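The values are calculated or read from the model by the stated rules, or taken from the named source; none is laboratory data. This structure is a prediction, so every number in the text was calculated from the model and none was measured. Neighbour counts are summed over all protein chains in view; Cβ atoms, including those assigned to glycine, are modelled from backbone coordinates with ideal geometry.
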């Protein structure tokens, strides 16, 4: 079935370090791909998205490129800040069932000052 | 511009009681989605509604759970005869349309605790 697999956490980095959170997907159709972020005690916020192969989503210094050949959508940031500490969810939605977003299990990120 | 509103933010129920969770979508949005997040897990889709219609309820448990989105007022997720396993965070999202790649905007969630 359709699914999203992402890097298990927690991930702990020092401020200004380079961040990569891996995400791969399995889908029967042509999904749209998303990264959502959840700050403590809050709901999810859309961080970025890509709707077709080779698209790059970017926001707040974060980037992810839709790679159809490797079925991946890895999240990267060149220099993380303490305020980036949160849980990050990779997700997909399929054209055939656009109502449903399928989420990965989340990666908790902690940034040390 | 108000975002998606959910209330209550925290709800405590004893086993066997009913839980009612409310969601008001963003202004201009007529599509509502409910998700459940168990501790330390990702969100799992439950149901997708438009005004007065259930479009996709493939993620809803077959018993005790129901959802509605009336013509007037918020969407309601109702859990009857709650059990401890229902303890979770329930998130509502809304979108302007149900199209592919459409962005869903999430509310802050209702954290249900069943004693």
Original post:
If you check residue A:42 against the conditions, is it more than 12 Å from the chain's Cα centre (by Cα) and farther than 30 Å from residue B:8 by Cβ?
Top reply: no
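Quick grid of which residues meet (1) at the interface with another protein chain (Cβ under 9 Å from one of its Cβ atoms); (2) assigned to a strand (DSSP E or B):
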| site | (1), (2) |
| --- | --- |
| B:29 | no, no |
| B:49 | no, yes |
| B:61 | no, no |
| B:92 | yes, yes |
| B:102 | yes, no |
| B:108 | yes, no |
Original post:
If you go through segment A:78-91 one residue at a time, do you hit one that is under 23 Å from residue B:35 (Cα atoms), at the interface with chain B (Cβ under 10 Å from one of its Cβ atoms) and surrounded by fewer than 19 Cβ atoms within 10 Å (Cβ to Cβ)?
Top reply: no
Subject >> Out of B:36, B:78, sole residue that is over 26 Å from residue A:3 (Cβ atoms) and either in contact with a strand residue (DSSP E or B) (Cβ under 7 Å, 6 or more places away or on another chain) or surrounded by 15 or more Cβ atoms within 10 Å (Cβ to Cβ) (or both) >> reply: B:78
**OP:** Provide a single number: the residues in segment B:63-74 that are more than 14 Å from every other protein chain (Cβ to nearest Cβ) and either under 16 Å from residue B:23 (Cα atoms) or in a strand (DSSP E or B) (or both).
**Re:** 8
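Condition check ((1) within 15 Å of residue B:43 (Cβ to Cβ); (2) part of a strand (DSSP E or B)) across all residues:
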{"position": "A:76", "(1), (2)": "no, yes"}
{"position": "A:80", "(1), (2)": "no, no"}
{"position": "A:87", "(1), (2)": "yes, yes"}
{"position": "A:93", "(1), (2)": "yes, yes"}
{"position": "A:100", "(1), (2)": "yes, yes"}
{"position": "A:105", "(1), (2)": "yes, no"}
Subject >> Single residue of A:8, A:15 found to be over 19 Å from residue B:104 (Cβ atoms), at pLDDT below 90 and either surrounded by fewer than 15 Cβ atoms within 10 Å (Cβ to Cβ) or at the interface with chain B (Cβ under 10 Å from one of its Cβ atoms) (or both) >> reply: A:8
Subject >> Listing of strands (runs of 3 or more DSSP E) fully contained in segment A:1-72 that carry 1 or more residues being within 20 Å of residue B:45 (Cα to Cα) and without any contact (Cβ under 8 Å) to a residue 40 or more places away in the chain >> reply: A:44-50
